[in-house]
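*Asks:* After the structure tokens below, expect a handful of questions from me.
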Amino acid sequence: MSSVKKYIAEFIGTFVLVLFACGTAAVVGCSPAFGTGYLLTALAFGLVIVAMAYSIGNVSGCYINPAVSIAMLVSKKLGLKDFIGYIVAQFAGAIAGAAVLKVLIDPISPESALGANGLYHDDIALSLLVEVILTFVFVLAILGVTSKKEYSSVAGVVIGLTLTLVHILGISFTGTSVNPARSFGPALLVGGDALSDVWVFLLAPLAGGVLAALVYKFLAPKED
């Protein structure tokens, strides 16, 4: 498979994730006080993963997340060259998705945060902890379900549902990032506090992804 095709697939996947999932958060809201919007946002993130997994998964693996990419690099399932290409494509796709979302949202809500993440009670340490834990659980599930070919038919559903799960818990705290590209795109377009705090949502998911890869390598049977 051509590397360029893989990078294009990763761009498209991340673009769709930000446009549809962050777009849902921007349109319906994600306050715990309004349960319907909260759950719709969580489901939107999970459903995008399911849709993309079964459309571009056979092209690039459908990582569409630098935290997943770095876990695959640590697990030696992704080479350094493709890792760099994936990261560039994912961030570019997220920025493009956020830009299109801003064009669509501006007429009805020009001050929209575009689904950007925010610190939990302005506490950097707690926000880092939340994001590391959420990303660890998400990436650990990905490593497990992609470890055997016999799981391939259900992998997209499992990964999508796991992303929904971590959003159901994490939205109340940080809005749930678990994905540096997904956080950076909206933050770049919104600016202000969202952009100045975005480093938390770049660092913590990457750390969670590396931790998940190391733990899975320790726990997995030798044949994995």
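Taken together, the values in this text are just the output of simple stated rules run on the coordinates, not laboratory data. Here the structure is a predicted model, which is why all the values come from computation and not from measurement. Virtual Cβ from ideal backbone geometry, glycine too; neighbours counted across all protein chains shown.
*Asks:* Using alpha carbons only, how many degrees (0 to 90, rounded to 10) separate the axis of helix 80-105 from the longest principal axis of the chain?
*Replies:* 20
*Asks:* Could you list ILE168, ILE159, ILE49 so that the one with the fewest beta carbons within 10 Å of its beta carbon is first and the one with the most is last? If you can, show how the numbers build up before the last one.
*Replies:* Values: ILE168 16, ILE159 24, ILE49 29.
Sorted ascending by nearby Cβ count, the order is ILE168, ILE159, ILE49.
*Asks:* Still on this structure, I have one more. Give a quick list of trypsin sites (Lys or Arg not before Pro) in the range 44-83 that DSSP marks as loop, anything other than H, G, I, E or B, with at most 10 other Cβ atoms within 10 Å.
*Replies:* Sites meeting the loop and neighbour criteria: LYS76.
*Asks:* Run the Debye formula on the Cα coordinates of the range 99-180, all scatterers equal and no solvent, and tell me log10 I(q)/I(0) at q = 0.11, 0.18, 0.24 1/Å.
*Replies:* -0.41, -0.83, -1.03
*Asks:* Could you line up CYS62, CYS22 from fewest to most neighbouring Cβ atoms inside 10 Å? Spell out each step's value before the answer.
*Replies:* Details: CYS62 26, CYS22 30.
If I rank by nearby Cβ atoms, fewest first, I get CYS62, CYS22.
*Asks:* Note the full-extension length gain between TYR151 and LEU203 as 0.36 nm times their separation in residues minus their Cα-Cα distance, in nm to one decimal. Please list the in-between numbers first.
*Replies:* Numbers: separation 52, 0.36 × 52 = 18.72 nm, distance 3.02 nm.
Using 0.36 nm per residue and subtracting the Cα-Cα distance, I get 15.7 nm.
*Asks:* Mind checking the angle between helix 35-60 and the chain's longest principal axis? C-alpha axes, 0 to 90 degrees, to the nearest 10.
*Replies:* The answer is roughly 40 degrees.
*Asks:* How high is the relative contact order of the range 1-111, in percent, with contacts defined as C-alpha pairs under 8 Å that are six or more residues apart?
*Replies:* Working: 120 pairs, mean separation 45.1, N = 111.
The value is 41 percent.
*Asks:* For every helix of n ≥ 4 consecutive DSSP H residues, a contribution of -39,500 (n - 2.57) applies; sum these over the chain, divide by its total residues, and give [θ] at 222 nm rounded to the nearest 500 deg cm²/dmol.
*Replies:* Numbers: 10 runs with 160 residues, N = 224.
It lands at -23500 deg cm²/dmol.
*Asks:* Using Cα atoms only, what is the angle between the long axis of helix 3-16 and the major principal axis of the chain, expressed in degrees (0 to 90) to the nearest 10?
*Replies:* 40
*Asks:* So for the range 1-93, what are the equivalent ellipsoid semi-axes in whole Å, largest first, each being the square root of 5 times an eigenvalue of the Cα gyration tensor?
*Replies:* Details: eigenvalues 155, 31, 23 Å².
Values for the range 1-93, descending: 28, 12, 11 Å.
*Asks:* Moving on to the next point. May I ask you to give the average projected area over all directions of the convex hull of the Cα atoms of the range 3-219, in nm² rounded to one decimal?
*Replies:* Here the figure is 11.0 nm², rounded to one decimal.
*Asks:* Contact order normalised by length for the chain, with contacts defined as Cα pairs under 8 Å and 6 or more residues apart; what percent is it?
*Replies:* On the way: 382 pairs, mean separation 66.5, N = 224.
Result for the chain is 30 percent.
*Asks:* Further, regarding this structure: Can you give the charge dipole size of the range 3-219 about its Cα centre, rounded to the nearest 20 debye, using +1 on the beta carbon of Lys and Arg and -1 on the beta carbon of Asp and Glu?
*Replies:* Values: 10 positive and 10 negative charges, 194 e Å.
Dipole size: approximately 940 debye.
*Asks:* Which order do THR146, THR14 fall in if you start with the one that has the fewest other Cβ atoms within 10 Å? Could you put the intermediate results ahead of the total?
*Replies:* On the way: THR146 20, THR14 31.
Neighbour counts put them in this order, fewest first: THR146, THR14.
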